[in-house]
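Enquirer: Before I ask anything, let me first share the structure, which is written out below as structure tokens.
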Amino acid sequence: MNLVVVGLQWGDEGKGKLVDVLSQYFDIVVRFQGGSNAGHTVKTGDETFKLRILPTGAVRGKTVVIGNGVVIDPKVLAEETHILRQRGKDFELRISDRAHIITPYQIALDRLREKQKGNQKVGTTKRGIGPTYSDKHARLGVRVCDFYQNTRNRQWELMESKSIDRLKYLHNEEPTPEMMSAFSDYKVLMEGMSEYVCSCSEYLLDAIEDGKRILFEGAQGALLDIDHGTYPFVTSSNCISSAAATGSGVPPSKIRDVLGVTKTYTTRVGTGPFPTELQDDIGRKLQKRGNEYGTVTGRPRRCGWLDLVALRYTVRLNGAQYIAVTKADVLSGIEELDVCVAYEIDGSETYTLPSCNDSYDRLSPVYKTLRGWPEPKGGDWSEMIDDGYENLPGELRQYLEQAASYCGTEVGIVSLGPDRDDTIMTTAFEKAVKHV
Ligand code: GDP
Ligand code: IMO
Ligand code: MG
């Protein structure tokens with residue numbers, strides 16, 4: 001069984017934690033899209049790791065692969081690899097020769113485009129993600145393989161001259177010294193990485209033939225997907241399960257299984273529609289209890305009720321046979337919980353996400369109220385975790401199972417805290433992940 005783990009909301013669902021928990025059953029962990037806009041947290045005892053570009057499997061010493069669909073900031077990659085090794089983590093790294101590179105030009109253009117958009121800005125992470133994917137698709141991009149020759153090649157020259165034009169004529173800015181020396185600076189960094197560079201597809205297909213098990217680690221979430229998300233308030237890559245195939249060169253027939261990750265409520269960083277957002281005491285309570293601050297930018301995350309209309313849409317888009325539900329501890333102790341089961345637009349109810357952004361201005365969520373579950377004494381969930389899924393409070397199981405049933409999926413994992421040990425797998429999911 002090769003498995004894809006994807007976010008079902010607007011990112012930060014707890015994918016890093018889940019991939020860390022699951023990677024014990026796999027040989028290789030692969031990132032297939034996004035870049036250092038991602039921030040994936042792993043907590044194990046006293047130690048916390050926040051990974052932006054390396055697959056989370058590195059923390060458990062797995063072989064980790066950065067696929068061709070990822071956009072790489074070489075500085076972040078070098079720094080993160082160094083820090084993790086310094087912290088005693090020993091892992092094998094493979095980097096796709098076809099992955100695109102983020103340069104200081106694209107980082108500057110990300111900032112300038114956001115500024116130009118004024119109050120229509122996306123609220124990007126300003127890590128150069130959008131401009132790098134735009135250049136990739138405009139065939140102006142620079143890839144990992146472009147650094148392994150003696151001089152700047154034609155592709156770098158093209159990207160640089162177009163970027164300088166855009167800086168000067170669209171934004172009235174001159175290139176900085178950092179930009180002008182980027183090729184030689186990055187060449188040094190990339191030479192330090194040369195031993196890890198490979199054809200990702202060939203590497204992974206050989207590994208599968210050798211019987212190795214692969215875990216694909218999604219970044220962002222389906223509602224941020226460039227095609228299927230709340231466009232234009234999205235990221236610039238496809239972040240749904242099917243992107244695991246194009247972003248790694250492993251065909252869908254060799255992947256098959258999908259686990260989608262959702263919180264028990266909803267959060268979003270940056271601007272854009274959010275039908276179930278709570279700008280009241282409950283919203284503030286969730287933000288505080290859930291420590292809802294962006295892993296990369298530190299921005300507060302907007303919080304709201306669980307949106308089952310959006311979740312059903314993303315479960316179906318991803319083909320998620322199982323869901324992992326995180327932060328059940330954060331929602332505990334609230335007597336009544338609302339979940340959104342329909343949207344009302346212009347007097348009629350709809351059960352799917354509108355494609356046009358303007359519809360959100362006229363949309364109001366239709367809620368169903370479910371009973372909340374109690375918080376254990378002193379907030380200590382460990383006994384309940386030891387007792388397993390069947391012994392969780394009935395209200396919690398009902399909440400999870402009603403949500404899964406609405407979306408046409410099954411509960412696979414429940415997370416009751418940030419630590420890797422604060423996790424319960426259902427018997428069916430555990431059997432599937434261990435034995436198939
Ligand atoms: P990712 O981007 O999907 O990997 O998620 P992030 O790491 O950006 O954000 C999730 C945050 O929630 C991190 O700080 C995690 O340590 C934390 N977290 C994950 N699962 C749980 C949980 O079940 N309960 C609590 N309280 N925190 C959790
Ligand atoms: P992980 O993998 C949450 C959001 C940004 C912004 C939009 C576009 O940790 O879940 P970008 O820099 O990608 O051009 O920004 O997408 N965003 C995320 N939000 N988690 C993430 O990643 C995100 N990556 C991008 O806040 O709204
Ligand atoms: Mg995150």
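The values are calculated or read from the model by the stated rules, or taken from the named source; none is laboratory data. Computed from a prediction, not measured in an experiment: that's the story for all the values here. Using ideal geometry, Cβ is built from the backbone for each residue, glycine included, and neighbour counts are taken over all protein chains shown. Quick note on the areas: whole protein, heavy atoms, side chains included, nothing else; ligands and nucleic acids left out. Shrake-Rupley method; radii C 1.70, N 1.55, O 1.52, S 1.80 Å.
Enquirer: Quickly run through the range 250-273 and pick out the residues that are under 18 Å from the mean Cα position of the chain (by Cα) and more than 19 Å from residue 425 (Cβ to Cβ). It would help to see each step written out before you state the result.
Expert: Within the range 250-273, the first condition is being under 18 Å from the mean Cα position of the chain (by Cα), and the residues that meet it are 257-272.
The answer is 265, 266, 267, 268, 269, 270, 271, 272.
Enquirer: Taking the range 326-339 on its own, how many of its residues are touching a helix residue (DSSP H, G or I) at 6+ places or on another chain (Cβ under 6 Å) and either modelled with pLDDT under 95 or not in a loop (DSSP other than H, G, I, E, B) (or both)?
Expert: 1
Enquirer: While we're here: Out of 35, 61, 67, I need the residue that is among the small types (Gly, Ala, Ser) and either within 16 Å of ligand 1 (Cβ to nearest atom) or in the same structural domain as residue 146 (by TED's automatic domain parsing) (or both). Which one? I'd like the intermediate steps shown before the answer.
Expert: On the way: 61 fails: either within 16 Å of ligand 1 (Cβ to nearest atom) or in the same structural domain as residue 146 (by TED's automatic domain parsing) (or both); 67 fails: either within 16 Å of ligand 1 (Cβ to nearest atom) or in the same structural domain as residue 146 (by TED's automatic domain parsing) (or both).
After applying the criteria, what remains is 35.
Enquirer: Do the conditions hold for residue 149, that is, is it free of Cβ contacts under 8 Å to residues at least 40 places away in the same chain and assigned to a helix (DSSP H, G or I)?
Expert: Working: free of Cβ contacts under 8 Å to residues at least 40 places away in the same chain: yes; assigned to a helix (DSSP H, G or I): no.
Judged against the criteria, residue 149 is not a match.
Enquirer: Could you check, for the range 295-308, whether at least one of its residues is of a type in the set (Val, Ile, Thr), in contact (Cβ under 8 Å) with a residue 40 or more places away in the chain and within 27 Å of residue 394 (Cβ to Cβ)?
Expert: Looking through the range 295-308, none of the residues is of a type in the set (Val, Ile, Thr), in contact (Cβ under 8 Å) with a residue 40 or more places away in the chain and within 27 Å of residue 394 (Cβ to Cβ).
Enquirer: Select from the range 242-298 the residues that are on the phi > 0 side of the Ramachandran plot and surrounded by fewer than 17 Cβ atoms within 10 Å (Cβ to Cβ) and write down the one among them that is farthest from ligand 2 (Cβ to nearest atom). Talk me through it step by step, then tell me what you get.
Expert: Going through the range 242-298, the residues on the phi > 0 side of the Ramachandran plot turn out to be 249, 256, 270, 272, 291, 298.
Filter again for surrounded by fewer than 17 Cβ atoms within 10 Å (Cβ to Cβ), leaving 256, 291, 298.
Details: 256: 23, 291: 14, 298: 12 Å.
My answer is 256.
Enquirer: Something else about it: Find the residue count for the range 22-46, including only residues that are under 15 Å from residue 421 (Cβ atoms), more than 12 Å from ligand 3 (Cβ to nearest atom), in contact (Cβ under 8 Å) with a residue 40 or more places away in the chain and open to solvent by 10 Å² or more (accessible area, probe 1.4 Å). Can you show your working first?
Expert: Residues of the range 22-46 under 15 Å from residue 421 (Cβ atoms): 22-24, 41-46.
Filter once more, keeping what is more than 12 Å from ligand 3 (Cβ to nearest atom): 22-24, 43-46.
After this cut, where a residue has to be in contact (Cβ under 8 Å) with a residue 40 or more places away in the chain as well, the list is 22-23, 43-45.
After this cut, where a residue has to be open to solvent by 10 Å² or more (accessible area, probe 1.4 Å) as well, the list is 43-45.
Total meeting the criteria: 3.
Enquirer: Considering each of 205, 223, 215 in turn, give the residue that is assigned to a helix (DSSP H, G or I) and over 30 Å from residue 121 (Cβ atoms).
Expert: Working: 223 fails: over 30 Å from residue 121 (Cβ atoms); 215 fails: assigned to a helix (DSSP H, G or I).
205 is the lone residue from the list that is assigned to a helix (DSSP H, G or I) and over 30 Å from residue 121 (Cβ atoms).
Enquirer: Mind checking which residues of the range 7-50 are in a strand (DSSP E or B) and under 22 Å from residue 213 (Cα atoms)?
Expert: 7, 28, 29, 30, 31, 40, 42
Enquirer: Just to be sure I understand, how many residues within the range 1-24 are of a type in the set (A, V, I, L, M) and near ligand 2 (Cβ under 9 Å from one of its atoms)?
Expert: The initial filter retains those residues of the range 1-24 that are of a type in the set (A, V, I, L, M), namely 1, 3-6, 8, 18-19, 21-22.
Then drop every residue that is not near ligand 2 (Cβ under 9 Å from one of its atoms), which leaves none.
Qualifying residue count, the range 1-24: 0.
Enquirer: For the range 47-80, give me the residue count where each residue is basic (Lys, Arg) and surrounded by fewer than 19 Cβ atoms within 10 Å (Cβ to Cβ).
Expert: Step one: filter the range 47-80 for residues basic (Lys, Arg), giving 50, 52, 60, 62, 75.
Next cut, surrounded by fewer than 19 Cβ atoms within 10 Å (Cβ to Cβ) only: 50, 75.
Qualifying residue count for the region: 2.
Enquirer: Restricting the range 1-16 to residues that are near ligand 3 (Cβ under 10 Å from one of its atoms) and more than 12 Å from residue 239 (Cβ to Cβ), which is most open to solvent (accessible area, probe 1.4 Å)?
Expert: Once the filter is applied, the top-ranked residue is 12.
Enquirer: Given (1) open to solvent by less than 50 Å² (accessible area, probe 1.4 Å); (2) more than 26 Å from residue 315 (Cα to Cα); (3) among the hydroxyl-bearing types (Ser, Thr, Tyr), where does residue 230 come up short, assuming only one miss?
Expert: If we test residue 230 against (1) open to solvent by less than 50 Å² (accessible area, probe 1.4 Å); (2) more than 26 Å from residue 315 (Cα to Cα); (3) among the hydroxyl-bearing types (Ser, Thr, Tyr), just (2) comes out false.
Here's the yes/no breakdown for (1) within 16 Å of ligand 1 (Cβ to nearest atom); (2) open to solvent by 60 Å² or more (accessible area, probe 1.4 Å):
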position: 135; (1), (2): no, no
position: 147; (1), (2): no, no
position: 177; (1), (2): no, yes
position: 186; (1), (2): no, no
position: 193; (1), (2): no, no
position: 196; (1), (2): no, no
position: 202; (1), (2): no, yes
position: 217; (1), (2): yes, no
position: 225; (1), (2): yes, no
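Enquirer: For residues that are out of contact with any Leu (no Cβ under 9 Å at 6 or more places or on another chain) and of a type outside the set (Gly, Ala, Ser), tally how many sit in the range 91-110. Walk me through how you get there before you give the answer.
Expert: From the range 91-110, those out of contact with any Leu (no Cβ under 9 Å at 6 or more places or on another chain) are 92, 96-104, 106-107, 110; that's our starting set.
Now restrict to residues that are of a type outside the set (Gly, Ala, Ser): 92, 97-98, 100-104, 106-107, 110.
Of the residues in that region, 11 qualify.
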